[in-house]
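Pasting a structure here, questions to come.
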Amino acid sequence: MKDIVIASNNAGKIREIEAILQPLGLKPVAQSVFNVPEADEPYPTFVENALTKARNAARLTGMPALADDSGICVNALQGAPGVISARYAGEPKSDARNNQKLVEALKHEEDRSAYYFAVMVLVRHADDPQPLIAEGRWAGEVIDAPRGDNGFGYDPYFFLPDLGRTAAELDAHEKNLVSHRGKALRRMAALIKEQW
C-alpha cells in the first residue's frame, strides 16, 4: 500500500477520503502526523486553494499529496460563503457560529437553494506540472433548524429534497455515494487509475 499525505486536519474530511482511497491501494495519512501546518488559503477559487494546500503538504513531507477545498455556495448570497465556508463567522473556526450566521443571512430570502462544491487536487510531488484535478457538486437547500447528528460543517442545515433528509441524517456510506466530496473522490480515483 502506498502512502499519500492528506493535506487537511479536518477529521471528517479525512474519514471520507480514506473510505474511497484505501481500495485503490493508497494509504491516506493526515498531514498532522508529519506536523505539517495548514497552508494559507488566500485565493478566491476552490481549485487554487486546493492546489496550494497539496503543494504545501508535498513540499514539507516529500510525499504525494491530496488536498480538497470545498464549501457551501448559496445562490441568494451570490455563492457565499464559498471558499471561506470554514471561516464564514471568523476565527476561530466554528461550525455552530458559521451555521448561525448563514441562517441569519437567509432570514428574509425566499430562495434557499444551495450546493456544496468540492475540488480535489493530487500532486505527485511539490512541483508537479500536471496535478490531477477532480470536482464534485451536490445540490440542496438551507433550512432554519438543524436535523441529524452525522457529518460536520453545514450538514445539519443542508436539506436534500429528493431524499427528504439533511446531509447530517445520512450515514457515512450514504453520504459518500451522493456528496460533492464523494463525487470528486470517485472522479479522482478514476484519474489515479488512468494516469498514476
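The values are calculated or read from the model by the stated rules, or taken from the named source; none is laboratory data. Note that this is a predicted model, so its numbers are computed, not measured. Cβ sites come from the backbone with ideal geometry, for glycine too, and all protein chains shown count toward neighbours.
Which residue, of Leu51, Leu24, Leu60, is modelled with pLDDT of 95 or more, of a type in the set (A, V, I, L, M), surrounded by fewer than 21 Cβ atoms within 10 Å (Cβ to Cβ) and under 19 Å from Arg124 (Cα atoms)?
Residue meeting the stated conditions: Leu60.
Now, a different point. Report yes if Gly71 is farther than 29 Å from Gln31 by Cα and assigned to a strand (DSSP E or B), otherwise no. Even if it seems obvious, please write down each step before you answer.
Working: farther than 29 Å from Gln31 by Cα: no; assigned to a strand (DSSP E or B): yes.
Taking the combined requirement at face value, the residue does not satisfy it.
Which residues, taken from segment 87-103, are buried (at least 18 other Cβ atoms within 10 Å of the Cβ) and assigned to a loop (DSSP other than H, G, I, E, B)?
Across segment 87-103, the qualifying residues are Tyr88, Ala89.
On the given criteria, is Ile84 surrounded by fewer than 24 Cβ atoms within 10 Å (Cβ to Cβ), at pLDDT 95 or above, closer than 30 Å to Gly140 by Cβ and of a type outside the set (D, E, K, R)? Steps first, answer last, please.
On the way: surrounded by fewer than 24 Cβ atoms within 10 Å (Cβ to Cβ): yes; at pLDDT 95 or above: yes; closer than 30 Å to Gly140 by Cβ: yes; of a type outside the set (D, E, K, R): yes.
Yes, satisfied.
Looking only at residues that are modelled with pLDDT under 85, closer than 22 Å to Lys193 by Cβ and of a type in the set (A, V, I, L, M, F, W, C) in segment 1-16, which one is surrounded by the most Cβ atoms within 10 Å (Cβ to Cβ)?
My answer is Ile14.
Just for segment 24-41: of the residues that are part of a strand (DSSP E or B) and hydrophobic (A, V, I, L, M, F, W, C), which one is farthest from Lys13 (Cα to Cα)?
Across segment 24-41, the extreme among qualifying residues is Leu26.
Counting only residues that are over 26 Å from Lys107 (Cα atoms) and either in contact with a Gly (Cβ under 7 Å, 6 or more places away or on another chain) or not in a helix (DSSP H, G or I) (or both), which one in segment 143-178 is modelled with the lowest pLDDT?
Asn176
Considering only residues that are under 15 Å from Leu66 (Cβ atoms) and either out of contact with any strand residue (DSSP E or B) (no Cβ under 7 Å at 6 or more places or on another chain) or hydrophobic (A, V, I, L, M, F, W, C) (or both), which ones fall in segment 131-154?
Narrowing segment 131-154 to residues under 15 Å from Leu66 (Cβ atoms): 131-136.
Hits for segment 131-154 are Leu132, Ile133, Ala134.
Scan segment 1-23 for residues that are β-branched (Val, Ile, Thr), outside any strand (DSSP E or B) and touching a residue at least 60 places away in the same chain (Cβ under 8 Å) and report the count.
2
For the condition farther than 19 Å from Asn9 by Cα, aliphatic (A, V, I, L, M) and loosely packed, with under 15 Cβ neighbours inside 10 Å, what is the one hit in Leu163, Leu170, Leu106, Leu77?
Leu163 is the lone residue from the list that is farther than 19 Å from Asn9 by Cα, aliphatic (A, V, I, L, M) and loosely packed, with under 15 Cβ neighbours inside 10 Å.
Output the residue which, of all residues in segment 109-140 that are among the aromatic types (Phe, Trp, Tyr) and more than 13 Å from Val47 (Cα to Cα), is surrounded by the fewest Cβ atoms within 10 Å (Cβ to Cβ).
If we take residues in segment 109-140 being among the aromatic types (Phe, Trp, Tyr) and more than 13 Å from Val47 (Cα to Cα), then Tyr115 is surrounded by the fewest Cβ atoms within 10 Å (Cβ to Cβ).
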